[in-house]
Amino acid sequence: MSEPVTGPIVIVGAGQAGMQLATTLRQLKCTAPITLIGDEPFPPYERPPLSKAYLAGELAEERLFFRKAQAYADQGIDLRLATRVSVLDRATRTVTTDRGETLAYAACVLATGSRARHLRIEGADLDGVLTLRGIADAKTLRNRVRPGLRAVVIGGGYIGMEIAASLTKLGARVTVVEALPRVLSRGVAPAIATYVAQRHQDEGVVLQTGVGVAAFEGGAAVEGVRLADGRTLPADLVVVGVGAVMNDELAAAAGLATDGGVVTDAMARTADAAVFAIGDVSVQDHGFLGRRVRLESVQNAVDQAKAVARTLMGQPTAMVEVPWFWTQQFDMMIQMVGVAEEGLEWVSRGDPTTGSFALYGLTDGVISAVQAVNSGSDYALGRRLVRDRTSAKASVLADPATDLKALLAKRA
């Protein structure tokens, strides 16, 4: 697509990616009609705080929203809330909503995101077994928490550990159950995962690793979590945080390729030139990583949306940004750049006992990932080092006397 789209643009999904696309198009002086469709009753809002500051009661609800609903109307963006697209008809280039409306498009962008994965085990439908994905979920969860409540979090990934920290702040007695041998097993350097685990334990969180969940027990409401080894943990509340399911059914029903998400090229285009996919639901050919990958992050959603906006304006743009991620738990701000692949040589820089340190990941002598705990300087420098595919020796990285900025100077 080398000419700007002048016909209607329909964006399915009013999350971070969809909102960013719509507003960026207007910033780029796009004059085409834009319809932004969201299935929640709320205008677009930030999701990361739901498991952190908002859940912990440290952030007011109105601060979640990117802007008031009227602001979209002021930009000529037709924001349709509490509306779900039920059919994508590529032959007629239309979408049909659950309200019976049919909307024509010149370009359709799928920003449908994901939903919480549920456990299909006995007792999964008991009252008090919850998941966390949207504002309504966070409200329900926060309203149920009280000091001394026994909460069991299933899953020791980012979302599970963030929830555990927030519930602990609210006074709950929290146990995290993780089937793998350690928490944060995916995408986090072992040394940082160990540090995070100890920090949680210092706050009173109990970690049960290397064991699965067999069932949830109780009468009308959950009373316990039966583990695969036969033990039962008492529970007044259970939060299941075991990952997400991509909302790719609309694309699949329309005959588009899916593979744990909607398959796209480096410019977020599907096999249909008029249909794009961005954000969590997009399985993209990533220009920087050089392979097909699905990334769940605010940064990816924003960068992809901006790239697609330029493409729709006649400036084809591929995704080449270095991926970065973050998580906040208790007083730990953990920032990560690059993708932590298996087999990386991790080099520690700084002293974990000070609460501020970083891990640099090497692939054949090239810095390909940096993970920093309460060290914004390492993270900021790491983004440049990873972006430039900087070569370095482990001994140089580990030496606290080494000014790593010199590596950038050598590159230049």
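General observations
The rows are residues; the columns are (1) aromatic (Phe, Trp, Tyr); (2) surrounded by fewer than 20 Cβ atoms within 10 Å (Cβ to Cβ); (3) more than 30 Å from PHE357 (Cα to Cα).
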| residue | (1), (2), (3) |
| --- | --- |
| ALA257 | no, yes, yes |
| ALA274 | no, yes, yes |
| ILE278 | no, no, yes |
| ASP285 | no, yes, yes |
| PHE288 | yes, yes, no |
| PRO323 | no, no, no |
| ILE334 | no, no, no |
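- Selection count, the range 98-118, where residues are surrounded by 15 or more Cβ atoms within 10 Å (Cβ to Cβ), in a loop (DSSP other than H, G, I, E, B) and within 20 Å of the chain's Cα centre (by Cα): 4
- Contacts under 8 angstrom Cβ, first residue in the range 209-232 being under 14 Å from ALA124 (Cβ atoms), partner in a strand (DSSP E or B) and of a type in the set (S, T, N, Q), 6 or more apart: GLU217/THR232; GLY224/THR232; VAL225/THR232; ARG226/THR232
- So GLU203, is it in contact with a helix residue (DSSP H, G or I) (Cβ under 7 Å, 6 or more places away or on another chain), assigned by TED's automatic domain parsing to the domain that holds GLY148 and not basic (Lys, Arg): yes
- Hits in the range 359-395 - residues which are under 22 Å from the mean Cα position of the chain (by Cα), among the aliphatic types (A, V, I, L, M) and buried (at least 18 other Cβ atoms within 10 Å of the Cβ): LEU359, ALA369, VAL370, ALA372, VAL373, VAL386
- Test: LEU149 is surrounded by fewer than 18 Cβ atoms within 10 Å (Cβ to Cβ) and either at pLDDT below 95 or not small (Gly, Ala, Ser) (or both): yes
- Positions within the range 105-138 being in contact (Cβ under 8 Å) with a residue 24 or more places away in the chain and among the charged types (D, E, K, R), in sequence order: ARG115, ARG117, GLU122, ASP127, ARG133, ASP137
- Residue satisfying condition, being of a type outside the set (Asp, Glu), touching a His at 6+ places or on another chain (Cβ under 9 Å), at pLDDT 95 or above and assigned by TED's automatic domain parsing to the domain that holds GLU122, within set VAL222, VAL176: VAL176
- Residue in the range 57-65 that is part of a loop (DSSP other than H, G, I, E, B) and more than 30 Å from ASP331 (Cβ to Cβ) present: no
- Of the strands (runs of 3 or more DSSP E) contained entirely in the range 271-347, those carrying at least 1 residues that are under 16 Å from MET19 (Cα atoms) fall at 275-277, 282-286.
- Of the candidates ALA32, ALA73, ALA14, ALA60, the single residue that is buried (at least 19 other Cβ atoms within 10 Å of the Cβ) and either within 18 Å of the chain's Cα centre (by Cα) or in the same structural domain as ALA107 (by TED's automatic domain parsing) (or both) is ALA14.
The values are calculated or read from the model by the stated rules, or taken from the named source; none is laboratory data. Since the model is a prediction, treat every value here as computed from it, not as a measurement. All Cβ positions, glycine included, derive from the backbone under ideal geometry; neighbour counts span all protein chains shown.
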